[in-house]
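Reviewing the structure listed below.
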Amino acid sequence: MRTDLTRYVVFAVGVWLVLWVLLAPVLRARKIRDDTPSARQLLTEFGCSVRSIAIFSTVGLMTFGLERMGVLHGPKIAQGWGPVWFWVSLGLMVLAHDAWFYWTHRMIHDRRLFRVFHRRHHRSNNPSPFTAYSFDLGEAAINALFVPLWVLLVPTAWPAVGLFMLHQIVRNTIGHSGYELFPATRDGRPLLPWLTTVTHHDLHHAQAGYNYGLYFSHWDRWMGTEHPDYAARFAQAVRRPIFRRGRAIAAE
C-alpha cells in the first residue's frame, strides 16, 4: 500500500500545490470554473482516496500472490520478449484501460448502479486533483480489477505495469485539476484532439451524461456521448488572456 499511497500523495498534492498555489496567479485565466472547492471537500476526497488505495493495494497483493503460486506466468514470459514488446505492451495496456474505463464508467452511470458504485465520485461536482481516487468501494474494486485481468491475459512485464500506473495517476490528477492545460490551435481547437482535455472531463462532472472517456476521446465520439458544447467550452477556456505580472498576454 505504501507505493500506491505515495504515488497518489505525490501527484495529487503536487498538482494541487503547483496549479492551485504556486501558479494560480499565472494560470487564473485557464481556471475552468470561477468557484473553488472547499477545504472540507478536499479533505473528504483525500480520505475516500486512501480507502480506494487500500482496495487497489489488496488486489495488487493478490495478483503478486498468484505469480508466486505459479498461476500467473505472463510477467515472466514478457521479460523474454524484449524491449519492443515492453513498449508495445505498455501502449496496448493504456488503450485497453481506456476502453475498460469507458464501458465500466457508462455501466455504473445506470440508475440502478449509480448510487452504490459512483455517487461518491460525483459528489465532487467541482473536481480537484484529490478527486482522482475519490470512489465508492464498488467503483474502486472495478478500477482495481483491470490490472490483474490484463496481466492474466496479456504477457506484460511488471516495470511496464509500473509505468502504466504512473501514467494513469498523472492523467487522472491533471484531468481533475480544474485548469485547462492542454495545447490548442489558434482557432481554439484541441491541438491533440484524440486526447481528453481537462475541460472534457470537467464537463462530465458538471453534466454526468456526457464525456465518459479517460485518456482518449474516440469512444465518446464513436458512441455519441461527447458533450455537444465541448468544443465551445474548450475554446472558451484557452482563449482567455493569461495574466502575468499585471499584464495580459493573449493565449495562443
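Bear in mind these aren't lab numbers, they're just calculated from the coordinates by the rules spelled out. A quick note: this is a predicted structure, and the numbers were derived from the prediction, not measured. Cβ: placed from backbone, ideal geometry, glycine included. Neighbour counts: every protein chain shown.
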Virtual spin-label span in nm between residue 115 and residue 154, 7 Å along Cα→Cβ: 3.7
Principal axis dimensions, largest first and in whole angstrom, of the chain by Cα: 62, 39, 36
For segment 104-174, average projected area of the Cα convex hull in nm²: 5.3
10 Å Cβ shell holding at most 10 others, DSSP loop, trypsin sites (Lys or Arg not before Pro): longest site-free stretch of the chain: 1-185
Axial C-alpha extent at least 18 Å, average Kyte-Doolittle at least 0.0 - helices from the chain (DSSP): 2-15, 39-68, 82-108, 137-153, 158-175
Å³ per residue enclosed by the Cα convex hull of segment 85-136: 92
DSSP-assigned coil residues among GluC sites (Glu not before Pro) in segment 123-228, each with at most 14 further Cβ atoms within 10 Å: none
